[in-house]
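First up is the structure itself, then whatever we jot down about it.
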Amino acid sequence: MSGKPIEGRMTAAGEDGVVVFHIGMRINSFAAVRSWWPVARAMGPMLAELARDKDSGLLGYKSLLGGVREVYLVQYWESKEKLLAYAAAPDKSHRPAWAAFNRRLREGRGKVGFWHETYVVPAGSHESIYMNMPEFGLGKATGVVPVGRRGDRAADRLRIS
């Protein structure tokens with residue numbers, strides 16, 4: 001984690017809906033470098049491409065380790081439409097990377113695993129709190145504000161009807 005901690009209780013500034021996308025890989029055989037290394041390398045260029053395009057819909061992301069075998073990203077998107085548009089765009093990095101990955105997955109016979117999960121979170125259905133933390137997660141993606149601006153309790157920040 002980088003950045004200077006922000007003293008006190010903060011919450012994500014974004015109150016709109018958000019799409020949370022988790023994507024990851026699992027190394028099932030460390031010896032099969034040819035199966036998993038290209039998968040691990042493919043994400044960097046896609047993230048760089050998305051970062052250059054301010055209209056892509058990607059709000060932010062965080063890379064995480066799930067032990068020695070698993071690497072994954074948590075991504076925050078403006079909408080499911082923008083996420084799906086990027087995934088399907090013939091002129092972007094994802095389509096060729098996905099095709100190459102699928103070939104490697106078939107050839108690798110289980111040497112590398114892959115997963116993703118997508119959560120569409122409507123406005124009013126998410127809340128956050130960060131205490132003495134640098135901007136992190138959704139707060140890093142949308143900025144942070146003092147908790148009192150959005151309600152002192154989690155129930156105040158969740159506006160589920």
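The table for this structure:
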quantity	calculated
Selected residue (only one of VAL39, VAL33 is of a type in the set (Val, Ile, Thr) and either in contact (Cβ under 8 Å) with a residue 24 or more places away in the chain or touching a Pro at 6+ places or on another chain (Cβ under 9 Å) (or both))	VAL39
Within the range 146-161, considering residues that are among the aliphatic types (A, V, I, L, M) and open to solvent by less than 70 Å² (accessible area, probe 1.4 Å), the one nearest to PHE21 (Cα to Cα)	LEU158
Residue list for the range 24-55, filter: among the hydroxyl-bearing types (Ser, Thr, Tyr) and in a loop (DSSP other than H, G, I, E, B)	SER29
Hey, ALA31 over 17 Å from GLY113 (Cα atoms) and open to solvent by 40 Å² or more (accessible area, probe 1.4 Å) or not	no
PHE30 vs. criteria over 15 Å from the mean Cα position of the chain (by Cα) and aromatic (Phe, Trp, Tyr)	yes
Residue list for the range 116-145, filter: more than 30 Å from GLY8 (Cβ to Cβ), out of contact with any helix residue (DSSP H, G or I) (no Cβ under 8 Å at 6 or more places or on another chain) and open to solvent by less than 80 Å² (accessible area, probe 1.4 Å)	GLU117
Extreme residue, surrounded by the fewest Cβ atoms within 10 Å (Cβ to Cβ), among residues of the range 71-97 that are in a helix (DSSP H, G or I) and in contact with a helix residue (DSSP H, G or I) (Cβ under 8 Å, 6 or more places away or on another chain)	ALA88
Long-range neighbours under 9 Å by Cβ, at least six apart or interchain, first residue closer than 11 Å to VAL39 by Cβ and open to solvent by 40 Å² or more (accessible area, probe 1.4 Å) within the range 101-112, second modelled with pLDDT of 80 or more and small (Gly, Ala, Ser)	ARG104/SER35; LEU105/SER35; LEU105/GLY113; LYS111/SER29; LYS111/ALA31; LYS111/ALA32; LYS111/SER35
Condition met for VAL68 (surrounded by 18 or more Cβ atoms within 10 Å (Cβ to Cβ), within 23 Å of ASN28 (Cβ to Cβ) and of a type in the set (Val, Ile, Thr))	no
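The values are calculated or read from the model by the stated rules, or taken from the named source; none is laboratory data. Every value quoted in this text rests on a predicted model; they were computed, and no experiment measured them. Backbone-built Cβ (ideal geometry, glycine too); neighbour counts: all protein chains shown. Just so you know, the surface numbers come from the protein's heavy atoms only, side chains and all, with ligands and any DNA or RNA stripped out. Shrake-Rupley method; radii C 1.70, N 1.55, O 1.52, S 1.80 Å.
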